[in-house]
Amino acid sequence: MTIRTRFAPSPTGFLHVGGARTALFCWLHARANRGAFILRIEDTDLERSTPESVQAILDGMDWLGLDCDEGPFYQTQRFERYAEVADRLLNEDKAYLCYCSRERLEKLRKRQMDAGIKPRYDGKCRHLESTPEDIKPVVRFSNPKIGMVSFNDLVRGRISISNTELDDLVIARPDGSPTYNFTVVIDDMDMQITHVIRGDDHINNTPRQINIYQALGAEAPVFAHVPMILGSDGARLSKRHGAVGVMQYRNDGYLPQAVLNYLVRLGWSHGDQEVFSRDEMVSLFSIEDVNRKAAAFETDKLDWLNQHYMKVLPTAEVADHLAWQFADQGINPEAGPALENVVSVQAERVKTLRDMAVQSRVFFEDYVEFDPASAKKHLRLVAEHPLESVLAKLEALEDWSVEPLHQVIDDVATELDLGMGKVAQPLRVALTGSGVSPSIDKTLWLMGKRRSLDGIGRALKFIQARRSENVQG
RNA sequence: GCUCCCUUCGUCUAGCGGUCCAGGACGCUGCCCUCUCAAGGCAGAAACACGAGUUCGAUUCUCGUAGGGAGCGCCA
């Protein structure tokens, strides 16, 4: 039998990292077993579901490269099917109509809580003599009263629960709309899902779903409950932890490869290996190797992976992602060096593509003014001669590439009997306006001849102005 | 309250009874390299929640305790 997995988000917001990791595990399990990955949108909550959220989820999946083989299917388009199955259960006496008011249910719940027992429906309407005329009933599933439900979870092992802990859950509301535990079962059954991989917040739902499968005469799929992702404070990941939407990571300058790699290592491992290409993930992944413990999301390691991928991925590929950041930062990529060159120089200096864009702006736009501290420290009178010397040599230089540029600086330092720092630092400030930039030869290279010469000219003027001040003072 | 689940360095994890005075990675600290910042190299600090069993032997198996999480909806 071919393996079929599904990812079934409800469209009430963007795709967050927890959902993304669940989706990744589902996708991997399908791909690793040459099976099918199905996407199903659980949009039965008409109040909270929005088309924007559907799109946001699709965008997130797309960005991560989690392609599905079937779907997306929408539950709202399957209402007839749910109603049909509910009727069947009703006819077979495996479900019944319940006329209990919410008020009665409230009281019941409270009484049970007070008595120290688990609140559950008492089955009042299970064998009703007469049916009230004026109340629209809900449909309840007749859960078995005795026995145990037991299943072998692929990540947790055997999980058992007594039927006495379960109650007759509502499967259809008065208006006929189905509820969650009912729709998942029918969908997974109809879509022939073999492996249900989902968050461990669903563990408690599983036994009652298994009972529904049995009532339907269907075989339950294999379950695998993966742990939740916690925020860095140890609490369950939520909106207040900031960038939990997957697309936010794109905006913040992370590569999808890095996010994927980070996510897969959160709860799953393969020996001591830390870096996995997509192909490696597929060939090495096994759902049974997933950890049981909830994991905390730490950005430090994501940063490291992101930089790693910026360094090792083909520069052209990284450059494509960098282009997005340039657009986002309002920097014209045409006004400077090729983005591939920027990547090759900057990758080892920044953690994110956004930082790369921000710190590369100076190669595309003239800086506005010198950083005061750097200028004060390095654009001194003693720097005038070295800068003039560099300027003269650069003007004459025809091959504007790293090697010869390095040679120029070297020559000036030797000729003037100065350390590299005495030449490079003033030059750096002249070129970029600040005291921090890539190595001086590469800075010149990215800067280009025109912008470099202009910068040195500005620095020289600055120094001259400073001298006249000194003379006056 | 009840039921279910979880528990190795700060964090992610390896470990599937002896190979563990517990290994890797991120982060952190120090040193080296060095034109700034990085990157890189080397070194270092840092963990089996606790208590009983089982066993010749427990990080590894069982049971308790403590702590954490989830569920108990006409939400998904």
Filter result (loosely packed, with under 12 Cβ neighbours inside 10 Å and part of a loop (DSSP other than H, G, I, E, B)) within the stretch A:437-473: A:Gly473
Breaking point among (1) within 10 Å of RNA strand B (Cβ to nearest atom); (2) among the β-branched types (Val, Ile, Thr); (3) under 14 Å from the mean Cα position of the chain (by Cα), for A:Val244: (1)
Go through the stretch A:270-281 and give me each residue that's at pLDDT 95 or above, among the small types (Gly, Ala, Ser) and either within 8 Å of RNA strand B (Cβ to nearest atom) or at positive phi (or both). none
Condition met for A:Gly199 (under 19 Å from A:Gly60 (Cβ atoms), of a type in the set (Gly, Ala, Ser), in contact (Cβ under 8 Å) with a residue 24 or more places away in the chain and surrounded by fewer than 22 Cβ atoms within 10 Å (Cβ to Cβ)): yes
Could you tell me which residue of the stretch A:103-130 is farthest from RNA strand B (Cβ to nearest atom), considering only residues that are in a loop (DSSP other than H, G, I, E, B) and over 11 Å from A:Asp167 (Cβ atoms)? A:Glu129
Just to check your reading of the model, which residue among A:Gly421, A:Gly433, A:Gly448 is at positive phi, within 14 Å of RNA strand B (Cβ to nearest atom) and outside the structural domain of A:Val350 (by TED's automatic domain parsing)? A:Gly433
Keeping to the stretch A:314-327, report how many residues are crowded, with 18+ Cβ neighbours inside 10 Å and touching a residue at least 40 places away in the same chain (Cβ under 8 Å). 3
How about the stretch A:70-83: which of its residues are of a type outside the set (A, V, I, L, M, F, W, C) and either surrounded by 18 or more Cβ atoms within 10 Å (Cβ to Cβ) or touching a helix residue (DSSP H, G or I) at 6+ places or on another chain (Cβ under 9 Å) (or both)? A:Pro72, A:Tyr74, A:Gln75, A:Arg78, A:Arg81, A:Tyr82
Are any residues in the stretch A:15-53 open to solvent by less than 10 Å² (accessible area, probe 1.4 Å), touching a residue at least 60 places away in the same chain (Cβ under 8 Å) and of a type in the set (Val, Ile, Thr), and if so, which ones? A:Val17, A:Ile38
Is it the case that A:Val343 is more than 21 Å from A:Val402 (Cα to Cα), crowded, with 22+ Cβ neighbours inside 10 Å, of a type outside the set (S, T, N, Q) and not assigned by TED's automatic domain parsing to the domain that holds A:Lys442? no
Apart from one, (1) open to solvent by 20 Å² or more (accessible area, probe 1.4 Å); (2) in contact with a Pro (Cβ under 8 Å, 6 or more places away or on another chain) all hold for A:Ile193; the odd one out is (1)
Matching residues, the stretch A:95-149, being at positive phi and loosely packed, with under 14 Cβ neighbours inside 10 Å: A:Gly116, A:Gly147
Taking into account only those residues within the stretch A:54-66 that are open to solvent by 10 Å² or more (accessible area, probe 1.4 Å) and within 25 Å of A:Ser177 (Cα to Cα), which is farthest from RNA strand B (Cβ to nearest atom)? A:Gln55
Within the stretch A:342-353, does at least one residue satisfy the condition of being more than 13 Å from RNA strand B (Cβ to nearest atom), under 19 Å from A:Asn261 (Cα atoms) and of a type outside the set (A, V, I, L, M)? no
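The values are calculated or read from the model by the stated rules, or taken from the named source; none is laboratory data. No experiment lies behind these values; they were computed from the predicted model shown. Using ideal geometry, Cβ is built from the backbone for each residue, glycine included, and neighbour counts are taken over all protein chains shown. With ligands, DNA and RNA removed, areas are computed over all heavy atoms of the protein, side chains included. Shrake-Rupley method; radii C 1.70, N 1.55, O 1.52, S 1.80 Å.
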